[in-house]
Protein chains: 2
Amino acid sequence: MRVAVLGLGLIGGSIGLAARRRLECEVVGWGPNRPSVEKALELGVVGCAAGSVEEACEGADAVFCAAPVSALPDLIGTALKASGAETVVTDAGSTKRELVAAFGEDERFIGGHPLAGAETAGVANARADLFEGARWYLTPTERSSGILYDRLQRAIAGLGARPQAIDAEAHDRLMATVSHLPHVLANVLASQAAAELTHDSERMPEVGPSFRDGARVAGSNPVIWADIFTSNRGAVVAAIDDAVARLREARELIASGESGAVEAWHAAAGADRRRLSQAELAGGELHELRVVVANRPGTVAELALALGEAGVNIEDMALHPAADMQSGAITLWVAGKQQVEKAAVLVRELGHSATVLAEG
Amino acid sequence: MRVAVLGLGLIGGSIGLAARRRLECEVVGWGPNRPSVEKALELGVVGCAAGSVEEACEGADAVFCAAPVSALPDLIGTALKASGAETVVTDAGSTKRELVAAFGEDERFIGGHPLAGAETAGVANARADLFEGARWYLTPTERSSGILYDRLQRAIAGLGARPQAIDAEAHDRLMATVSHLPHVLANVLASQAAAELTHDSERMPEVGPSFRDGARVAGSNPVIWADIFTSNRGAVVAAIDDAVARLREARELIASGESGAVEAWHAAAGADRRRLSQAELAGGELHELRVVVANRPGTVAELALALGEAGVNIEDMALHPAADMQSGAITLWVAGKQQVEKAAVLVRELGHSATVLAEG
């Protein structure tokens with residue numbers, strides 16, 4: 001199979017590497033800037049580099065457009081013009097509705113979105129296993145060619161990912177809720193706290209672990225996120241409206257002073273959170289283990305090592321350092337009741353205090 | 001000095017231990033339930049147990065009320081009645097305005113709030129060093145006795161904490177922004193995602209790391225949080241109103257489709273976040289290191305161990321597992337540019353990909 005990769009960053013580079021190594025494809029690459037293309041050749045991410053999109057698409061069975069969201073409409077349009085009738089053209093952008101609206105009439109275009117790789121950037125970080133086990137959404141329409149969809153879907157499974165078809169609108173709504181809205185809320189939290197805390201310049205800004213978690217992604221990658229928010233503005237605006245409506249309900253509830261009702265609302269949110277994090281996992285229900293430790297170099301290592309040696313996997317972890325950074329608490333999430341109890345015993349043997357949190 | 005501790009949970013127990021071990025105080029304890037009192041005696045948290053609040057306060061120089069927020073008004077009222085003219089009465093509740101409104105006229109009452117210990121509960125987890133380096137807010141009024149404030153402030157410093165006077169209203173507003181609001185937003189995020197994802201029952205609920213971070217504290221300890229939200233409802237409602245106003249501005253901005261303005265808004269939030277997390281630290285600016293790893297048991301340990309051995313302290317850490325939990329990314333926060341570069345080299349030597357995130 002001959003694959004064209006247009007755009008040679010982390011995602012394009014990893015598609016190239018995985019296609020070459022795992023599927024033994026012939027991979028031709030094109031990118032808008034020369035250093036990335038040269039790096040891609042040097043790393044073996046592509047077998048050869050094309051001088052233009054047209055040249056890259058020549059004779060390709062599948063074309064992957066891996067450019068920033070705002071560059072995709074032009075790139076996909078050019079790729080479709082340059083590609084033959086038997087070529088499937090796809091992309092890896094974070095939003096899908098706009099692209100499907102623009103190109104969904106063409107039976108060769110099938111939108112895509114791998115849930116991987118947002119953490120780092122650049123072809124230098126490309127890996128053949130970037131997509132291993134990752135969900136890869138595909139947004140075929142009723143106009144899409146069945147043969148081409150089948151080919152694309154197999155290729156993506158061959159890259160190690162788990163392809164899943166989804167309606168483009170539903171995809172964008174889903175992403176608005178579980179990814180774009182959390183980024184908006186993080187921004188609001190960070191800016192609101194900064195305004196409040198710098199209001200009185202004599203006061204030390206001390207923020208708690210809940211703030212640190214909530215604001216963690218505030219302001220990450222402004223260029224990429226401005227693209228995503230703008231491209232998915234319909235669904236993001238709807239998600240914000242929903243959040244505002246829920247906040248106003250919470251406001252009324254809290255203002256009422258009826259602590260029984262507040263407690264029920266709070267507990268329901270906890271049940272929702274657990275439902276989501278459990279559904280995500282194959283390995284059984286997630287349990288929380290709270291550990292109180294000295295925050296010196298090596299403590300996390302010691303803990304993680306003891307658990308690792310005993311075969312207990314840490315599914316997620318959060319550090320909550322005390323204000324002085326000398327001591328603090330660590331929350332560990334472990335799948336399965338038995339495993340978390342085992343973890344608690346190991347942690348206590350190391351002399352730390354450990355509490356398995358009761359559910360509910 | 002003779003200290004009375006009313007309420008023998010994690011906080012009361014740790015006050016007792018620290019007062020006995022660090023300040024060599026005589027500590028008398030009282031608690032509403034018998035098993036906790038017996039455990040406290042067994043652990044040496046108190047020197048003796050009193051049969052009533054009145055008995056505990058008899059001859060005490062300082063009385064610490066360490067009960068849940070909703071139980072504090074009654075407890076403090078009883079303690080003030082039972083205490084002599086030279087006794088300072090304080091508490092450890094998360095909200096302060098209500099208590100100061102009720103008891104601020106009494107020169108012996110000075111409200112308090114140690115920022116420690118929310119992670120675990122129960123006297124069994126009490127530690128003499130729980131307050132080491134922790135901020136401990138005190139809310140004296142103009143009616144407060146200077147002599148008693150001085151005594152309390154010294155005692156708290158003696159427990160290892162960093163006392164700081166703050167106006168009760170300002171304290172509650174501050175907590176509303178940096179702690180109570182993040183919990184409200186987490187609840188909204190969890191419930192909204194659960195509603196969206198279970199809407200179409202065929203769709204797998206896959207949530208991203210931004211969601212996991214944002215919803216992490218959703219629904220934790222419903223009884224305690226219903227108390228806090230209700231007790232601090234004025235400031236929490238104001239913080240929600242502010243958040244709603246900010247969300248509506250963000251909504252208009254995103255709806256406008258002006259991606260330059262969206263980018264500027266997003267970047268400003270990032271600057272706010274960094275300003276807050278840097279101000280929090282003594283050890284220099286925090287830098288982010290993104291590491292891509294296999295999520296097998298031992299990986300976190302290996303990383304943390306290599307850093308610990310080289311004297312690089314991990315100030316904060318977040319795991320972002322891929323959907324299959326087989327691979328993922330880890331974000332590490334390290335103080336100081338030189339230290340983070342050192343960490344990156346060490347991580348790469350272990351064969352992982354590591355990227356120091358550019359600021360801005």
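The values are calculated or read from the model by the stated rules, or taken from the named source; none is laboratory data. In this text the structure is predicted, and so the values were computed from the model without any measurement. Every residue, glycine among them, receives a Cβ derived from its backbone with ideal geometry; neighbour counts consider all protein chains shown. Note: accessible area is taken over every heavy atom of the protein model, side chains too, but ligands, DNA and RNA are not part of it. Shrake-Rupley method; radii C 1.70, N 1.55, O 1.52, S 1.80 Å.
Could you say which residue among B:116, B:121, B:85, B:157 is surrounded by fewer than 20 Cβ atoms within 10 Å (Cβ to Cβ), within 14 Å of chain A (Cβ to nearest Cβ) and part of a loop (DSSP other than H, G, I, E, B)?
Numbers: B:116 fails: surrounded by fewer than 20 Cβ atoms within 10 Å (Cβ to Cβ); B:85 fails: within 14 Å of chain A (Cβ to nearest Cβ); B:157 fails: part of a loop (DSSP other than H, G, I, E, B).
Selected residue: B:121, the only one of B:116, B:121, B:85, B:157 that is surrounded by fewer than 20 Cβ atoms within 10 Å (Cβ to Cβ), within 14 Å of chain A (Cβ to nearest Cβ) and part of a loop (DSSP other than H, G, I, E, B).
How many residues are assigned to a helix (DSSP H, G or I) and touching a Gly at 6+ places or on another chain (Cβ under 6 Å) if we restrict to region B:23-76?
5
Which residues, taken from region A:223-248, are surrounded by fewer than 17 Cβ atoms within 10 Å (Cβ to Cβ) and more than 22 Å from residue B:182 (Cα to Cα)?
Once the filter is applied, which keeps residues that are surrounded by fewer than 17 Cβ atoms within 10 Å (Cβ to Cβ) and more than 22 Å from residue B:182 (Cα to Cα), region A:223-248 yields only A:223.
Just to be sure I understand, how many residues within region A:140-154 are surrounded by fewer than 23 Cβ atoms within 10 Å (Cβ to Cβ), hydrophobic (A, V, I, L, M, F, W, C) and in contact with a Leu (Cβ under 8 Å, 6 or more places away or on another chain)?
The number of residues fulfilling the criteria is 0.
Return the total of residues in region B:282-340 being facing chain A (nearest Cβ under 7 Å), at pLDDT 80 or above and at positive phi.
0
For region B:46-65, does any single residue satisfy the condition of being within 14 Å of chain A (Cβ to nearest Cβ) and open to solvent by 40 Å² or more (accessible area, probe 1.4 Å)?
Of all residues in region B:46-65, those within 14 Å of chain A (Cβ to nearest Cβ) come to none.
So far as region B:46-65 goes, no, none of its residues is within 14 Å of chain A (Cβ to nearest Cβ) and open to solvent by 40 Å² or more (accessible area, probe 1.4 Å).
Looking at region B:72-95, I want the residues that are farther than 15 Å from residue B:5 by Cα and have a partner that is of a type in the set (Gly, Ala, Ser) and crowded, with 21+ Cβ neighbours inside 10 Å with Cβ atoms under 7 Å, at least 6 apart or on another chain. Which pairs are those?
B:95/B:231
Out of contact with any strand residue (DSSP E or B) (no Cβ under 6 Å at 6 or more places or on another chain), open to solvent by 10 Å² or more (accessible area, probe 1.4 Å), in contact (Cβ under 8 Å) with a residue 24 or more places away in the chain and away from chain A (no Cβ under 11 Å): does that describe residue B:107? First the steps, then the outcome.
Details: out of contact with any strand residue (DSSP E or B) (no Cβ under 6 Å at 6 or more places or on another chain): yes; open to solvent by 10 Å² or more (accessible area, probe 1.4 Å): yes; in contact (Cβ under 8 Å) with a residue 24 or more places away in the chain: yes; away from chain A (no Cβ under 11 Å): yes.
Yes; evaluated as a whole, the condition is true for this residue.
Taking the options A:180, A:199, name whichever one is crowded, with 21+ Cβ neighbours inside 10 Å and either modelled with pLDDT of 95 or more or of a type outside the set (Phe, Trp, Tyr) (or both). Walk me through how you get there before you give the answer.
Details: A:199 fails: crowded, with 21+ Cβ neighbours inside 10 Å.
So the residue among A:180, A:199 that is crowded, with 21+ Cβ neighbours inside 10 Å and either modelled with pLDDT of 95 or more or of a type outside the set (Phe, Trp, Tyr) (or both) is A:180.
When the residues of region B:88-98 are narrowed to those that are open to solvent by 10 Å² or more (accessible area, probe 1.4 Å) and not in a loop (DSSP other than H, G, I, E, B), which ends up nearest to residue B:165 (Cα to Cα)? Spell out the reasoning first.
Restricting attention to region B:88-98, the residues satisfying the condition of being open to solvent by 10 Å² or more (accessible area, probe 1.4 Å) are B:92, B:94, B:97-98.
Okay, now just the ones that are also not in a loop (DSSP other than H, G, I, E, B), so B:97-98.
Details: B:97: 14, B:98: 17 Å.
Filtering region B:88-98 for residues that are open to solvent by 10 Å² or more (accessible area, probe 1.4 Å) and not in a loop (DSSP other than H, G, I, E, B), the one nearest to residue B:165 (Cα to Cα) comes out as B:97.
Within region A:57-72, can one find any residue that is out of contact with any helix residue (DSSP H, G or I) (no Cβ under 8 Å at 6 or more places or on another chain) and closer than 19 Å to residue A:112 by Cα? Spell out the reasoning first.
The initial filter retains those residues of region A:57-72 that are out of contact with any helix residue (DSSP H, G or I) (no Cβ under 8 Å at 6 or more places or on another chain), namely A:59-60, A:71.
Still in the list and also closer than 19 Å to residue A:112 by Cα: A:60, A:71.
Scanning region A:57-72, I find at least one residue that is out of contact with any helix residue (DSSP H, G or I) (no Cβ under 8 Å at 6 or more places or on another chain) and closer than 19 Å to residue A:112 by Cα, so the answer is yes.
Within region B:124-139, how many residues are open to solvent by 40 Å² or more (accessible area, probe 1.4 Å) and in a loop (DSSP other than H, G, I, E, B)? Step through it out loud before you land on a result.
First, the residues of region B:124-139 that are open to solvent by 40 Å² or more (accessible area, probe 1.4 Å): B:124, B:127, B:129, B:132.
Restricting the remaining residues to those that are in a loop (DSSP other than H, G, I, E, B) gives B:127, B:129, B:132.
Total satisfying the criteria: 3.
State which residue is surrounded by the most Cβ atoms within 10 Å (Cβ to Cβ) when the search covers only region B:249-264 and only residues that are in a helix (DSSP H, G or I) and at the interface with another protein chain (Cβ under 7 Å from one of its Cβ atoms).
Pass one, region B:249-264, residues in a helix (DSSP H, G or I): B:249-256, B:259-264.
After this cut, where a residue has to be at the interface with another protein chain (Cβ under 7 Å from one of its Cβ atoms) as well, the list is B:250-251, B:254-255, B:259, B:262-263.
Numbers: B:250: 23, B:251: 20, B:254: 25, B:255: 15, B:259: 22, B:262: 22, B:263: 19.
Residue satisfying both the conditions and the ranking: B:254.
If a residue has to be touching a residue at least 24 places away in the same chain (Cβ under 8 Å) and outside any strand (DSSP E or B) to count, how many in region A:160-178 make the cut? Lay out the reasoning, then the answer.
Restricting attention to region A:160-178, the residues satisfying the condition of being touching a residue at least 24 places away in the same chain (Cβ under 8 Å) are A:160-169, A:171-173, A:175-177.
Right, trim to outside any strand (DSSP E or B) and you get A:160-161, A:166-169, A:171-173, A:175-177.
Matching residues across region A:160-178 total 12.
Could you please find all residues in region B:345-357 being out of contact with any helix residue (DSSP H, G or I) (no Cβ under 7 Å at 6 or more places or on another chain) and over 10 Å from residue B:288 (Cα atoms)? Step through it out loud before you land on a result.
Kept after step one, since they are out of contact with any helix residue (DSSP H, G or I) (no Cβ under 7 Å at 6 or more places or on another chain), are these residues of region B:345-357: B:345, B:348-349, B:351-352, B:357.
Once the filter is applied, which keeps residues that are out of contact with any helix residue (DSSP H, G or I) (no Cβ under 7 Å at 6 or more places or on another chain) and over 10 Å from residue B:288 (Cα atoms), region B:345-357 yields B:345, B:348, B:349, B:351, B:352.
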